[in-house]
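Novice: Below is the structure I would like to discuss, written out as structure tokens.
Only the coordinates and a few stated rules stand behind these numbers; no lab work does. Keep in mind it's a predicted model, so treat the numbers as computed, not measured. No Cβ is skipped: glycine too gets one built from the backbone with ideal geometry, and neighbour counts run over all protein chains shown.
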Amino acid sequence: MDAAWNMKMAWEDFSSRLGSWATGFAWNLLAAALILLCGWWLARLAGKLTKKAMAKGPMDPLAASFTGSVVKGLVLLVAGVSAVAQLQVDITSLIAALGAAGLTASFALQGSLSNFVSGMQIIFTRPFKMGDYLSFEGHEGTVKRIDVLYTILATFDNKEVVVPNSKMTSSIVVNFTSNGTRRLDLSYGISYQADLALAKSLLEELAGRDSRVLPDPAPIIAVGQWQESAVTLVMKVWCKQEEYWNLFYSMQEKVKEAFDKAGVEIPFPQMDVHITPEK
């Protein structure tokens, strides 16, 4: 009888302790979830405010964007540690365990660490800035932003190219915007029977009439090449970077219309075949 009574009391004590622990853990878990949720919201807010505050000053927008991403990451880190502490996990032991695992994880995170360091390198060396038009490994686009690990380019057809920062620092990147102007190289083929002087004067007139063509350096109109069925005229003009593509497409149309109106023949590839009659 006493044994049964003792077992009953022990079970009730265990149940009471388990219920108290479960209740406390549930509240701690809820508090940890709220900390993470608030931390995520604060991280986004801190990142945005940092970018806006730094963008108002003399700092380059690219640096402001990167710094905002770093601040956002730090706030998330603090929120994560606080949430773990709320669960009454020994932070010292956790940090020690993470430090031991860090050596192993570092091999898996080499790419991320390299991207982070490369991002810092881009910020301090400034090979390009926000809004610059770049060419990189077959891709062209405008620098939209730089994050902790990636640089985002916006292409001409409104696509986003996500490039790891380590790629941006280890590869050849062509910056078309650094000098503010860009040369537009065009070529047109005319037949050997066409009036060469007339064709050149038409190109000179089109370049002179278009306000997007810069007078300095002066446009170059010249014979570039003799081909099998055409004489190639080259037209090299300078314009502002932001007007490059509009000028390109506009000039293609205007040259065709001017050549047609003046009777300048634009040939197509052809081959003369001579048939020798059998004897």
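Novice: How would the range 127-175 be classified by its alpha-carbon gyration tensor: rounded, prolate or oblate, with rounded meaning a/c under 1.5 and the a/b versus b/c comparison settling the rest?
Specialist: Taking the square roots of the gyration eigenvalues as a ≥ b ≥ c, the range 127-175 is rounded.
Novice: Of the options T232, G138, T177, report the single residue whose Cα projects farthest towards the positive end of the charge dipole of the range 105-256 (beta-carbon charges: Lys, Arg +1; Asp, Glu -1).
Specialist: T177
Novice: Would you mind counting up the charge near S69? Only other residues with Cβ under 12 Å from its Cβ, with Lys and Arg at +1 and Asp and Glu at -1.
Specialist: The answer is +4.
Novice: Could you tell me whether the range 181-262 comes out rounded, prolate or oblate from its Cα gyration tensor? Rule is a ≥ b ≥ c as square roots of the eigenvalues, rounded for a/c under 1.5, then prolate if a/b exceeds b/c, otherwise oblate.
Specialist: prolate
Novice: Based only on other Cβ atoms within 10 Å, what is the fewest-to-most ordering of V161, V117?
Specialist: V117, V161
Novice: For every other residue with a beta carbon closer than 11 angstrom to the beta carbon of V174, add +1 if it is Lys or Arg and -1 if Asp or Glu, then tell me the sum.
Specialist: With Lys, Arg at +1 and Asp, Glu at -1, the net is -2.
Novice: What is the magnitude of the charge dipole of the range 181-262 about its Cα centre, with +1 placed on the Cβ of each Lys and Arg, -1 on the Cβ of each Asp and Glu, and no other charges, expressed in debye to the nearest 20?
Specialist: 160 debye
Novice: To the nearest 20 debye, what is the magnitude of the charge dipole of the range 127-175 about its Cα centre, counting +1 on the Cβ of each Lys and Arg and -1 on the Cβ of each Asp and Glu?
Specialist: The dipole magnitude comes to about 140 debye.
Novice: When the Karplus curve 6.51 cos²θ - 1.76 cosθ + 1.60 is applied with θ = phi - 60°, which whole-Hz ³J(HN,Hα) does each residue of the range 186-196 get, with x for Gly and Pro?
Specialist: 10, 9, 9, x, 10, 6, 5, 8, 6, 6, 5
Novice: Modelling each spin label as a point 7 Å along the Cα-to-Cβ direction, I'd like the L37/A262 distance in nm, to one decimal.
Specialist: In this crude spin-label approximation the distance works out to 7.2 nm.
Novice: Give the cross-link partners of K167 among the lysines, using a straight C-alpha distance below 17 Å as the criterion and excluding same-chain residues fewer than 8 apart.
Specialist: Within the straight-line cut-off, K167 pairs with K129, K144.
Novice: Across the range 154-162, in residue order, what do the Karplus-derived ³J(HN,Hα) couplings come to in whole Hz, using 6.51 cos²θ - 1.76 cosθ + 1.60 with θ = phi - 60° and x for Gly and Pro?
Specialist: Working through the residues one at a time gives 9, 7, 4, 9, 6, 9, 10, 9, 9 Hz.
Novice: Are there GluC sites (Glu not before Pro) in the range 170-264 that DSSP marks as loop and that have at most 11 other Cβ atoms within 10 Å, and which are they?
Specialist: Answer by residue number: E228.
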